Amino acid sequence: MKLLSSIILLGFLMVTSCAPVKELTVVNETKMNSFLETNNIANIKQLVVNDFATYKKLGKEEFLKIPKVFFFNKEGFSIEYLNPEKRCSQEPLVFLKNFDKNKIYSVDKNVKLDDFIKSFRPANAASTFKKNENTELYVFVNWGSFAKKINEDSINLVKNKKDGVEIYLINIEPQASWNLTEAQIKSLNL
């Protein structure tokens, strides 16, 4: 059953990511930093999923997708920017490039930044999340080293950052810091 769920998760990632993925592995801070340095975005703030239990919960909620971008306004509400008819589009990048702090966007008041951020922790000391009164838009971008093509879209988002915008990369791969048991590793089909 666990093998089947892992296969389904990888298959789901392959279908929803619009690009081939390589095998999912456990990653650590060094591997993540190496990938980001290779793409000239090493100074970006990084978050990771808190722990294995949270990872499984997020997987059930279909959160662990690439590409997946979350936008929150300065009040802490999720901004609804996606056109459900478009897939594998540049929509998040276009939204970010055209973001205007004076424009009123449709928000989902049921999805709050304070609740969203509880599932993650900083990948390193420099990545601590903190609300800032000068920030108009918080952007969270899922990424993983297993989806090379998709990460190009994430990298473009980071490189097109504007003033008043905070961007965090959320690595959605299993983390070495979770100290996974053999049973947990098996359940992930690693």
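Since every read-out is calculated from the coordinates, none of them should be taken as a lab result. Computed from a predicted model, the values in this text were never measured in an experiment. Counting neighbours? That spans all protein chains shown, and the Cβs are built from the backbone with ideal geometry, glycine included.
General remarks:
- Backbone N within segment 29-55 under 15 Å of label point (7 Å from A126 Cα along the Cβ vector): 29-47
- Coupling constants for segment 47-54 follow from the phi torsions by the Karplus curve (6.51 cos²θ - 1.76 cosθ + 1.60, θ = phi - 60°), and in residue order they are 10, 9, 5, 3, 6, 4, 4, 5 Hz; glycine and proline get x.
- Take the Cβ atoms of E80 and D163, set R0 to 22 Å, and the FRET efficiency comes out at 0.40.
- Relative contact order %, segment 92-190, counting alpha carbon pairs below 8 Å whose residues are six or more apart: 31 percent
- Calculated SAXS-style log₁₀ I(q)/I(0) at q = 0.10, 0.14 Å⁻¹ - segment 93-190, Debye, Cα scatterers: -0.37, -0.69
- Calculated from backbone phi, Karplus (6.51, -1.76, 1.60) coupling profile of segment 171-187 in Hz, x at Gly/Pro: 6, 9, 8, x, 9, 4, 5, 6, 6, 4, 7, 4, 5, 5, 4, 4, 5
- Residues whose amide H comes within less than 5 Å of that of V27, counting only those at least five positions distant or on another chain, are Q175, A176 (H built at 1.01 Å from N in the peptide plane).
- At q = 0.13, 0.23, 0.24 Å⁻¹, base-10 log of I(q)/I(0) for segment 37-144 (Debye sum, equal scatterers on each alpha carbon): -0.54, -1.64, -1.67
- Peptides 33-42, 109-118 ordered by average Cβ neighbours within 10 Å, highest first: 33-42, 109-118
- Efficiency of FRET between A183 and T30 - r from beta-carbon atoms, R0 35 angstrom, step 0.05: 0.85
- Summing Cβ point charges (Lys, Arg +1; Asp, Glu -1) relative to the Cα centre of segment 24-118 gives a dipole of roughly 40 debye.
- Interchain or long-range residues, amide H under 5 Å from V107's placed H: E80
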